[in-house]
1. Of the residues 296, 252, only one is away from the ligand (no atom under 16 Å from the Cβ), surrounded by fewer than 21 Cβ atoms within 10 Å (Cβ to Cβ) and closer than 30 Å to residue 458 by Cα; which?
2. Which one is nearest to the ligand (Cβ to nearest atom) among residues in the range 113-128 that are crowded, with 24+ Cβ neighbours inside 10 Å and part of a loop (DSSP other than H, G, I, E, B)?
3. Tell me whether the range 232-245 contains one or more residues that are out of contact with any strand residue (DSSP E or B) (no Cβ under 6 Å at 6 or more places or on another chain), farther than 30 Å from residue 397 by Cβ and surrounded by fewer than 22 Cβ atoms within 10 Å (Cβ to Cβ).
4. Hey, any hits in the range 441-450 for a residue that's under 17 Å from the mean Cα position of the chain (by Cα), within 14 Å of the ligand (Cβ to nearest atom) and in contact (Cβ under 8 Å) with a residue 24 or more places away in the chain?
5. Every residue in the range 129-177 that is away from the ligand (no atom under 13 Å from the Cβ) and closer than 17 Å to residue 205 by Cβ, please.
6. Using the structure shown, decide if residue 197 is over 22 Å from residue 457 (Cα atoms), within 16 Å of the ligand (Cβ to nearest atom) and without any contact (Cβ under 8 Å) to a residue 60 or more places away in the chain.
7. If a residue must be surrounded by 24 or more Cβ atoms within 10 Å (Cβ to Cβ) and outside any strand (DSSP E or B), how many such residues does the range 130-143 contain?
8. I need the full set of residues from the range 397-423 which are within 16 Å of the ligand (Cβ to nearest atom), assigned to a loop (DSSP other than H, G, I, E, B) and in contact with a strand residue (DSSP E or B) (Cβ under 7 Å, 6 or more places away or on another chain), in order please.
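The values are calculated or read from the model by the stated rules, or taken from the named source; none is laboratory data. What you are looking at is a predicted structure, and each value in this text was computed from that prediction instead of being measured. Every residue, glycine among them, receives a Cβ derived from its backbone with ideal geometry; neighbour counts consider all protein chains shown.
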Ligand SMILES: [Zn+2]
């Protein structure tokens, strides 16, 4: 999804200073901890899913049971859930999850935007919180794993630590975001990116954003006070399903997310000459639709011409006047490109414009591009990536660094402090569908990596 957020200029400025310093400190401490071997146990352990002696245990059975139970809230006939944000099912699911948080010995509160926070104090009152969590709202006719895996795994980690009387130095905060699928509304409120005029937008539930937040126990009237400040958190870690098929295809257990890709969109207008489809000879046409077809093919070719994870899509194309007996005089389409590297997007876009000029010259049509949307990429913190990778390796799990092609609440939290994400395989790469599936053992592995990463970050952040 797209999170409109602040303008590029706003987002780019002010990152220096506190944030960068914090990040450097974090990385430095990590390096020291790694060098000192203080992170995680070194001795081998039996069984791929059994925790090593010094890493606390958690219950995969309880976790997967909780995932099954939450699937009852808004269950649809296709086997998934329709638990859109601010709906009755969303509210009921959140009440259920609140109980699980209390059972995990977390002190629960709901913030202005309707996000649920479960907090437990650390041993050092001077430290900022380690935050981890995800969302439980779904798209209409969605599945049982997107958001749910990370939310319930986070609660399981907190539960397991409480059961084993393990106190962290930092306070821990488990967060269940509100309305992730509609556009990261809960997390953008917390990161200060939500604009006042967005509160009147109508969500899938039929309620406006403001009504929805209030419905969940928030207080939209005081949205001005919802944001936390940069540096208010020690770190944010989110476990999520990959929503793509590469981990499963390549038999990799854990994805270590490099960042959440930037999203760039252009309105593309192709202008030709509208004329009679019966009387205009084929060699005398300035057919905007023909140029549009060539454009779609060319975008695919240019984006694929070099290695990397960049993607380019023409997801909408409209011909005018759109009649069977008229050669289209105008075509309007949308070009979307995503990658972690904005410079790469800019370079590919320049190539696309040059190729479009050639296409236009073939039949006397012209192209114009107008940039209509830009979400800058949100990079994960290198220190957090290393603790995630180390936690996975200790569990004898294979890892791969990868971008996230989808938006996540983690991109909002990257505005506040060091961020990292853990991906587990999505079977068949399917998501936003009742067919979405992740194996119980993969979910348990993900939760164990989350626990290891949280505990390692607690030592060093
Ligand atoms: Zn999600």
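1. 252
2. Ranking the qualifying residues of the range 113-128, first place goes to 115.
3. Scanning the range 232-245, I find at least one residue that is out of contact with any strand residue (DSSP E or B) (no Cβ under 6 Å at 6 or more places or on another chain), farther than 30 Å from residue 397 by Cβ and surrounded by fewer than 22 Cβ atoms within 10 Å (Cβ to Cβ), so the answer is yes.
4. Checked the range 441-450: at least one residue is under 17 Å from the mean Cα position of the chain (by Cα), within 14 Å of the ligand (Cβ to nearest atom) and in contact (Cβ under 8 Å) with a residue 24 or more places away in the chain.
5. Correct list: 140, 141.
6. Taking the combined requirement at face value, the residue does not satisfy it.
7. 4
8. 405, 407, 408, 414
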